[in-house]
Amino acid sequence: ITSAVVFDILPLKLHPFSQSTPTGLDCVGWKRRISSPVITDGALDKTALTDDVGSEEDLYEDFRSSNHRYGHPGGGGEQLAINELISDGSVVYAEALWDHVTMDDQELGFKAGDVIEVMDATNKEWWWGRILDSEGWFPASFVRLRVNQDEPMEDYPLKVEGGKEDDSSSSTRRFGMGQTTKDQMRTNVINEIISTERDYIKHLKDICEGYIKQCRKRADMFTEEQLKTIFGNIEDIYRCQKKFVKALEKKFNKDHPHLSEVGSCFLEYQTEFQIYSEYCNNHPNACMELSRLTKVNKYVYFFEACRLLQKMIDISLDGFLLTPVQKICKYPLQLAELLKYTNPQHRDFKDVEAALNAMKNVARLINERKRRLENIDKIAQWQSSIEDWEGEDVLVRSSELIYSGELTKISHPQAKSQQRMFFLFDHQLVCCKKDLLRRDILYYKSRINMDDMEILDVEDGKDKDFNISVKNAFKLHCRDTEELHLFCTKKPEQKQRWLKAFENERRQVQLDQETGFSITEVQKKQAMLNASKQHHTGKPKAVTRPYYDFLMRQKHPTLPTTLPQQQVFMLAEPKRKPSNFWQNISRLTPFRK
């Protein structure tokens, strides 16, 4: 496997409506012939289909029972190749396509553009990786393997940070390669940009002609409003990308690809790429509408027939519709890599540098919205785990967890101190109490409206308002009611982190107002409904401390809990005899809630 080979690692998921999909969507590899069936006005042409494969249902079932004969010809070949490289002692690096925000200490958090060393890719959905001295699980669909695997890891962050090399000649010496090799690296990146763009155009064409065109012929199944919800403005994106790829091909130097000057193309189309914002904002609604429709078998059969007739690979429609979201966020990664291998003396250097900054701005807004929309599911799940919740849902006013930690809260009038867990969201601060025995269980106690509060830094010593001596303290003061809340941390650095978090909370609120960011009522309700369903299925038992310590000593602890729960139980929970501990302890009155 040479450095010119590109892997886009976005694995297929067997369950419907996954949040990842392969980007190499032009690989079909049909192994049987269907005699030119067409979908006519009003209904599927039954005669055309029956000649070879029967009805829509037969076509669908035949596909399902054929062991994916119409799918990607490579199957799991790419994943196998990655594991072989790792087994042979090769170091494999991947670049993050998305931010991965996690509160699980067994998962590896990172930001888009970070470089991760892939240490184990045995599981197709979750890989084990390392960034500096941190290791953990991360979703394989959030990354792609780097185009040039032979570049040293230690040099990569240094060069990506500023978008260019600090010293071209010294960089060449560090790599131990001459100009010719660097030109080859640039050729690899140029070829990847051109080839993936052509693949992407074919993918958009397949959606527009294979799905939208056929759906419009079935007015009995789809309204125009439904089609707008499902497909958004993808036809506008298709028209834009067709013009863009033509501009790229004009700038492509076939004889000497490394001399190609493609930076100007991105600058020319940076304004038009803003149409992706509308598509990305609508994408969650598309998934919900598809989820609703595919509960009815006739829609499942219809969509599958569309896919097979268009000769598209084995991915559900929602997977295909995710690709434009991924594509616009992939441009900065490609341009950053192109800039790495573009000498400052190259005629394309300044344009590539400017294009990188422009596409970063476009992708940053889209990526931030995607992350925020994903966070509402996590917030809903968090709230469902809190006992004795009172009042409105967190999502009514908030969509971002800014910071959390333990604080000592001092209340009037007796200056009574209480240890509490606090969760700072945009617009509100939620207070919870830990269970006396099960410290992983939280009880809701109160909340503070941050829109009415100002933050006061308190010096160490006696506080005149509460008439007590305090250390590492700060106050929340309500401007309207003059109400005061006094808090203390254990260490000075913890206090500073909280003060910084309050600043970030106000900044986030202001930014949301400026950009018009909001979560729709439908999205809020759906998130709470999903969390409620998961909550009712029951929580897994707490892992005993000795077993937990044993797990943490292993190279691979447990797979993240976002995998199906039955898989987690098999991996994470030891088999043990039923215990009467909780029945016995509940008889002791002092411990009763």
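Hey, rough spin-label estimate for Asp88 and Ser134, points 7 angstrom out along Cα→Cβ, what's it come to in nanometres?
Placing both labels 7 Å along Cα→Cβ, they lie 3.1 nm apart.
If you stretched the chain out fully between Ile441 and Asp465, how much longer would it get, using 0.36 nm times the residue separation minus the C-alpha to C-alpha distance? Write out the running numbers ahead of the final one.
On the way: separation 24, 0.36 × 24 = 8.64 nm, distance 3.33 nm.
Full extension of this stretch gives 5.3 nm more.
For region 400-516, which semi-axes, largest first and in whole Å, follow from the square roots of 5 times the eigenvalues of its Cα gyration tensor? Spell out each step's value before the answer.
On the way: eigenvalues 102, 71, 37 Å².
Computed over region 400-516, the values are 23, 19, 14 Å.
For the cross-link pairs Lys327/Lys533; Lys111/Lys433; Lys111/Lys471; Lys202/Lys251, which exceed 30 Å when the distance is taken from alpha carbon to alpha carbon? Provide the component values of the computation, followed by the final result.
Working: Lys327/Lys533 33 Å; Lys111/Lys433 32 Å; Lys111/Lys471 35 Å; Lys202/Lys251 20 Å.
Check vs 30 Å cut-off fails for Lys327/Lys533; Lys111/Lys433; Lys111/Lys471.
With the dipole of region 182-374 worked out from charges on the C-beta (+1 for Lys and Arg, -1 for Asp and Glu) around the Cα centre, which of Val262, Phe302, Pro344 lies farthest toward the positive end?
Phe302
Using the per-residue mean of other Cβ atoms lying within 10 Å as a proxy for protection, in what order, highest first, do the peptides 120-133, 183-196, 383-396 fall? Write down the numbers at each step before the final one.
Numbers: 120-133: 17.0, 183-196: 20.1, 383-396: 15.3.
Going from most to least packed, we get 183-196, 120-133, 383-396.
Using a/c under 1.5 as the rounded threshold, could you call region 76-145 rounded, prolate or oblate? The axes a ≥ b ≥ c are square roots of the C-alpha gyration tensor eigenvalues, and prolate needs a/b larger than b/c, oblate otherwise. Let's see the in-between values first.
Values: a/c = 1.70, a/b = 1.60, b/c = 1.06.
Here region 76-145 falls in the prolate category.
Region 421-441 to region 227-282: how many Å between their Cα centroids?
Measuring centre to centre over Cα atoms gives 46 Å.
Show me, for region 516-529, the HN-Hα J-couplings you get by feeding each phi into the Karplus relation (A = 6.51, B = -1.76, C = 1.60, θ = phi - 60°), rounded to Hz, glycine and proline as x.
Along region 516-529, the couplings run x, 5, 7, 9, 5, 4, 4, 5, 5, 5, 5, 4, 5, 5 Hz.
With the Cα gyration tensor of region 182-374 giving a ≥ b ≥ c as the square roots of its eigenvalues, does the rule (a/c under 1.5 for rounded; else a/b larger than b/c for prolate; else oblate) give rounded, prolate or oblate? Before the final figure, lay out each step's value.
Working: a/c = 2.68, a/b = 1.99, b/c = 1.35.
Judged from the Cα gyration tensor, region 182-374 comes out prolate (a/c at least 1.5, a/b above b/c).
Which of the peptides 275-287, 501-513 is most tightly packed, and how do the rest follow, going by the mean number of other Cβ atoms within 10 Å of each residue? Mind showing how you got there, number by number?
Working: 275-287: 18.7, 501-513: 15.3.
Answer by packing, highest mean first, reads 275-287, 501-513.
Net charge near Phe487: determine it from the other residues with C-beta under 11 Å of the C-beta of Phe487, scoring Lys and Arg +1 and Asp and Glu -1. Display every interim value, and only then the final one.
Details: positive: Lys409, Arg420, Lys475, Lys495; negative: Glu406.
Net local charge, Phe487 excluded: +3.
Mind checking which of Val470, Thr481, Gln496 is farthest towards the positive end of region 400-516's charge dipole, using Cβ charges of +1 (Lys, Arg) and -1 (Asp, Glu) about the Cα centre?
Looking along the dipole axis, the top candidate is Val470.
Suppose every Lys and Arg Cβ carries +1 and every Asp and Glu Cβ carries -1, with no other charges. What dipole size does region 263-348 come out with about its Cα centre, to the nearest 20 debye?
Numbers: 9 positive and 9 negative charges, 53 e Å.
Approximately 260 debye in magnitude.
Can you give me the P(r) profile for region 290-422? Cα pairs, bins 10 angstrom wide beginning at 0, each as a whole percent.
9, 19, 21, 22, 16, 9, 3, 0
In region 76-145, what percentage of the DSSP-assigned beta bridges are antiparallel, given to the nearest 5? Before the final figure, lay out each step's value.
Values: 17 of 18 bridges.
Taking every DSSP beta bridge with both residues in region 76-145, the antiparallel ones total about 95 percent.
Using the per-residue mean of other Cβ atoms lying within 10 Å as a proxy for protection, in what order, highest first, do the peptides 208-217, 335-344 fall?
Values: 208-217: 17.2, 335-344: 22.4.
For the peptides 208-217, 335-344, the packing ranking is 335-344, 208-217.
Charges only on Cβ, +1 for Lys and Arg, -1 for Asp and Glu: so what's the dipole of region 76-145 about the Cα centre, in debye to the nearest 20? Each step should come with its number before you reach the end.
Details: 4 positive and 14 negative charges, 40 e Å.
Its charge dipole is roughly 200 debye.
Pairs to check: Lys295/Lys434; Lys295/Lys524; Lys370/Lys491; Lys298/Lys360. Give those whose C-alpha atoms are more than 32 Å from each other in this structure.
Numbers: Lys295/Lys434 41 Å; Lys295/Lys524 21 Å; Lys370/Lys491 35 Å; Lys298/Lys360 42 Å.
The pairs that break the limit, which is 32 Å between Cα atoms, are Lys295/Lys434; Lys370/Lys491; Lys298/Lys360.
Taking the Cα centre of region 182-374 as the origin and placing charges on Cβ (Lys, Arg +1; Asp, Glu -1), which of Gln334, Leu321, Cys280 is farthest toward the positive end of the dipole?
So the residue we want is Leu321.
Just the number please: accessible area per residue for region 263-420, 1.4 Å probe, all protein chains included, in Å². Could you put the intermediate results ahead of the total?
Working: 6210 Å² over 158 residues.
Heavy-atom SASA per residue in region 263-420 reads 39 Å².
Where the only charges are on Cβ atoms (+1 Lys, Arg; -1 Asp, Glu), what is the dipole of region 400-516 about its Cα centre, to the nearest 20 debye?
Details: 21 positive and 21 negative charges, 169 e Å.
Computed about the Cα centre, the dipole is about 820 debye.
Ignoring everything but the protein chains, give the 1.4 Å probe accessible area of Val458 in square angstrom, nearest 10.
20
Taking the alpha-carbon centroid of each part, what is the distance from region 365-405 to region 450-503 in angstrom?
25
Tally up the carbon and sulfur contribution to the accessible surface of region 182-374 as a whole percent, 1.4 Å probe, everything protein left in place.
Working: 3600 of 7490 Å².
Answer for region 182-374: carbon and sulfur cover 48 percent of the accessible area.
The values are calculated or read from the model by the stated rules, or taken from the named source; none is laboratory data. Fair warning: this is a prediction, and the values are worked out from it, not measured in the lab. Virtual Cβ from ideal backbone geometry, glycine too; neighbours counted across all protein chains shown. Heads up: the accessible areas ignore ligands, DNA and RNA and are worked out on the full protein's heavy atoms, side chains in. Shrake-Rupley method; radii C 1.70, N 1.55, O 1.52, S 1.80 Å.
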